[in-house]
Amino acid sequence: MEKYHVISTLVENKPGVLQKVAGLFTRRDFNIDSITVGESEVEGLARMVITVKADDNILEQVTKQLNKLVDVIKIKDISKNAVKRELCLVKVNIPNEKARAEIIQYVNIFRAKIVDVTEETLIIEITGDMEKINAFISLLKGYGIKRISRTGLTAMSRGV
Amino acid sequence: MRGGEAIIESLKKMGVETIFGYPGGQTIPFYDMLYDADINHILVRHEQAAAHAADGFARASGKVGVCLATSGPGATNLVTGIATSFMDSSPVVAITGQVPTHLIGNDAFQEADIIGITMPITKHSFQPRDPDLIPSVIKTSFDIATCGRPGPVLIDVPKEVQEGELTKFDDNLIQTPGYNPTLKGNPRQIKKAYNLIKEAKRPMVLAGAGVILANACEELHEFVHLINAPVMTSLLGKGAIDETEDLALGMLGMHGRKVSNDSVNECDLLIAIGIRFSDRTTGRLDSFVPDSKVIHIDIDPAEIGKNVSVDLPIVGDAKNILNQLNDLFKNYKVSKDVNEWTSKIQKRKQELLPRVTYDDVPLKPQSVIKEISEVLTPDSILTTDVGQNQMWAAHFYDAQKPRKFISSGGLGTMGFGFPSAIGAKVACPEDVVVSVNGDGGFLMVCQELATVYEYDIPVIAVVLENRTLGMVYQWQSLLYDRRHSETKLGHSPDFVKLAESFGVNAVRVEKPGETKEALKTAIKDNEAVLIDVVVDPNEALPMLPPGAGINEMIGEYKLEKDVI
């Protein structure tokens, strides 16, 4: 059965590594859902968090094929027990004053933040897992969303 | 010492004596330094041939083959050859020139992102931006190309790095913490394998190129005799076991020997070693060994369970694992069931030997391969091109030693046969080297006749001339209602005159017995020769149609016993 998996990988922080990883997914016909990259706690190494929709067989191939890349140092499937977060910026229309009040309420409920205000629009910054962000976006749809910019999921396994 | 000199020095330190290459604008500094260097360079006539020759060299010798090209079009001309060696796990180091660093990204003349282009077809690649890095980069490239599952590595050297002075010659290996292939088989898994083999009543072994790459052929020989199991091979596994042995059944797969294809599904245990279960080897997967347990031994964990589901995986080097298994099977008494099974299969093998005896004119390709077999010795090297010629050779030629049958398996690259023979001959100058080609593939690389003449490389190029693109023609005959769309070559060159125009001797063969004579003369003269053999274009190989199971071959399988 296909499920979303979150894979955390430690890679060499060198040019071309992202291309290699992304290229591998294309070539092997794996479905990459999101990928985030940034420096890790070790100098010279970056952490890549990849979400992939796959069944167990494909997931095994994804892991093994990634492992074959010389620049990939460590791979861990952290789907089960991890803190998962995504950051999303939404620019939403304000059709009227009533709408403004409603949106501010939603922002408070979702513990989001308003980071830019004009007479016609708001930019809202929200972090959370994918479901939370999807729920927030669907609430705003009625007001007219002008732009969405999402970072993709980053994650960290819980505990030691 | 400058960068280019460091390349040469590092290659020499790695034991390289010969490189195959073609100069160009961005490798002029390197070639200037090569002018005074004591390393052999073979100037091919197309970069693709340099890559194939390096590959042929690697396959014949087990050492790294090195090819070299300039930036842009020179580098992209290597791509087919690099992809070929990647698919067949051949250790090749490809060195390309690159535009000077300050021009990279500017669409400079003859600039191509060759690192990006070759990313999916190389094991790894480097672009040293500092001459000091060159010795380490070359040493590490050789290490990566050969360690674990072998494969090609590309080194892209910007022009000014070739010219720059080194401050020190430091060839420490670059740390690659992400690359730790498992070499030693897990003893617990090996013990489990021992038990599975002990319980099996109808075991069979399927050997792939991994056995040859691991230099584990003697161990395989010992293993199959200890457990008395019949052995099949993949196309690239040919030579892993002496195919004239009773236990060896021959190739399995789309154009496999009937005895292998018919028998494989009868086994109750398949021991697959150094093989990736290509679709050309297994046929339809859900009807491949449906009732059998599978032990899969491979150095690449990603191959385990990729195509065929496996009951017992063992990751590691085939030589190491076979040695451990052989230790367990010392003094092992083979069960009566297994002995009966194996004699039954051996008897079947004799019954189903394919027909090679013909006296037809135009010649049957089978009889041409038979004549080649009669002249060659176990130490001779046979390379093939791709298509019908390859399958005639693979099906009817018995390889007796490893690294003596060389063919483009995974990628199926037309034009591979002749240049890979050049590489093989350079690697093994004492051995007779024959390449079997079709007229289609040979024309893709016939310019290399100039190379063999210039460097006096006595390879024998057999061209099976049927004036068709035979394999596709055959598919069209069998599966597309004989609609031969664009597979008739029509007017072909006069291959004898073509060779002669390059200064290479050539002979046309049309009758039985003439191939043999031409080969004998060629071997005696020890000169490059082209033998143009006119064969019957309508002779087809038995085959598995696409989507068919391994034992569902179509086409008449003619038997030798019916003529003798």
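The values are calculated or read from the model by the stated rules, or taken from the named source; none is laboratory data. Computed from a predicted structure; not experimentally measured. Quick reminder, even Gly has a Cβ in these numbers, built from the backbone with ideal geometry, and neighbours come from all protein chains shown.
Below is a table of values for the structure above.
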quantity	calculated
Selection status of residue B:239, buried (at least 17 other Cβ atoms within 10 Å of the Cβ), on the phi > 0 side of the Ramachandran plot and in the same structural domain as residue B:334 (by TED's automatic domain parsing)	yes
Residue within the range A:22-33 that is under 19 Å from the mean Cα position of the chain (by Cα), away from chain B (no Cβ under 12 Å) and in a loop (DSSP other than H, G, I, E, B) present	yes
Qualifying residues in the range A:34-77 (those that are part of a helix (DSSP H, G or I) and either on the phi > 0 side of the Ramachandran plot or among the basic types (Lys, Arg) (or both)) - the one surrounded by the fewest Cβ atoms within 10 Å (Cβ to Cβ)	A:64
Test: residue in the range B:129-144 that is assigned to a loop (DSSP other than H, G, I, E, B), in contact with a helix residue (DSSP H, G or I) (Cβ under 8 Å, 6 or more places away or on another chain) and either farther than 30 Å from residue B:12 by Cα or not hydroxyl-bearing (Ser, Thr, Tyr) (or both)	yes
Residue check for residue A:9: within 13 Å of another protein chain (Cβ to nearest Cβ), among the hydroxyl-bearing types (Ser, Thr, Tyr), crowded, with 16+ Cβ neighbours inside 10 Å and assigned to a strand (DSSP E or B)	yes
Filtered residues of the range B:450-459 (kept if more than 18 Å from the chain's Cα centre (by Cα) and either crowded, with 24+ Cβ neighbours inside 10 Å or not assigned by TED's automatic domain parsing to the domain that holds residue B:500 (or both))	B:451, B:452
Residue match in the range A:152-159 (condition: at pLDDT 95 or above, over 18 Å from the mean Cα position of the chain (by Cα) and within 30 Å of residue B:306 (Cβ to Cβ))	no
Selection status of residue B:529, at pLDDT 95 or above, surrounded by 14 or more Cβ atoms within 10 Å (Cβ to Cβ), of a type outside the set (Phe, Trp, Tyr) and within 25 Å of the chain's Cα centre (by Cα)	yes
Sole residue being surrounded by fewer than 23 Cβ atoms within 10 Å (Cβ to Cβ) and within 30 Å of residue B:412 (Cβ to Cβ), chosen from B:145, B:112, B:108, B:94	B:112
From the options B:138, B:155, B:144, B:134, residue that is out of contact with any Leu (no Cβ under 6 Å at 6 or more places or on another chain) and facing another protein chain (nearest Cβ under 10 Å)	B:144
Where residue B:485 falls short, out of the listed (1) within 24 Å of the chain's Cα centre (by Cα); (2) not in a helix (DSSP H, G or I)	(1)
Sole residue being in the same structural domain as residue B:80 (by TED's automatic domain parsing), in contact with a Lys or Arg (Cβ under 6 Å, 6 or more places away or on another chain) and more than 18 Å from residue B:332 (Cβ to Cβ), chosen from B:157, B:153	B:153
Residue B:118 vs. criteria away from chain A (no Cβ under 14 Å) and assigned to a helix (DSSP H, G or I)	no
Matching residues in the range B:246-301 - criterion: being assigned to a loop (DSSP other than H, G, I, E, B), surrounded by fewer than 24 Cβ atoms within 10 Å (Cβ to Cβ) and away from chain A (no Cβ under 14 Å)	B:246, B:247, B:254, B:255, B:268, B:278, B:284, B:288, B:289, B:290, B:291, B:292
Subset of the range A:37-83 that is within 14 Å of chain B (Cβ to nearest Cβ) and β-branched (Val, Ile, Thr) - its residue that is nearest to residue B:149 (Cα to Cα)	A:70
Conditions (1) in contact with a Cys (Cβ under 6 Å, 6 or more places away or on another chain); (2) without any contact (Cβ under 8 Å) to a residue 60 or more places away in the chain: number failed by residue B:444	(1)
Odd one out for residue B:327, checked against (1) in the same structural domain as residue B:195 (by TED's automatic domain parsing); (2) touching a residue at least 40 places away in the same chain (Cβ under 8 Å)	(2)
Sole exception among (1) without any contact (Cβ under 8 Å) to a residue 40 or more places away in the chain; (2) outside any strand (DSSP E or B); (3) closer than 30 Å to residue B:175 by Cβ for residue A:107, by number	(3)
Qualifying residues in the range B:159-208 (those that are in contact (Cβ under 8 Å) with a residue 12 or more places away in the chain and within 14 Å of another protein chain (Cβ to nearest Cβ)) - the one farthest from residue B:125 (Cα to Cα)	B:182
Conditions (1) within 14 Å of chain A (Cβ to nearest Cβ); (2) free of Cβ contacts under 8 Å to residues at least 40 places away in the same chain; (3) not in a strand (DSSP E or B); number of the one not met by residue B:125	(3)
Complete set of residues in the range B:314-335 that are surrounded by fewer than 21 Cβ atoms within 10 Å (Cβ to Cβ) and either touching a strand residue (DSSP E or B) at 6+ places or on another chain (Cβ under 8 Å) or in a loop (DSSP other than H, G, I, E, B) (or both)	B:330, B:331, B:332, B:333, B:334, B:335
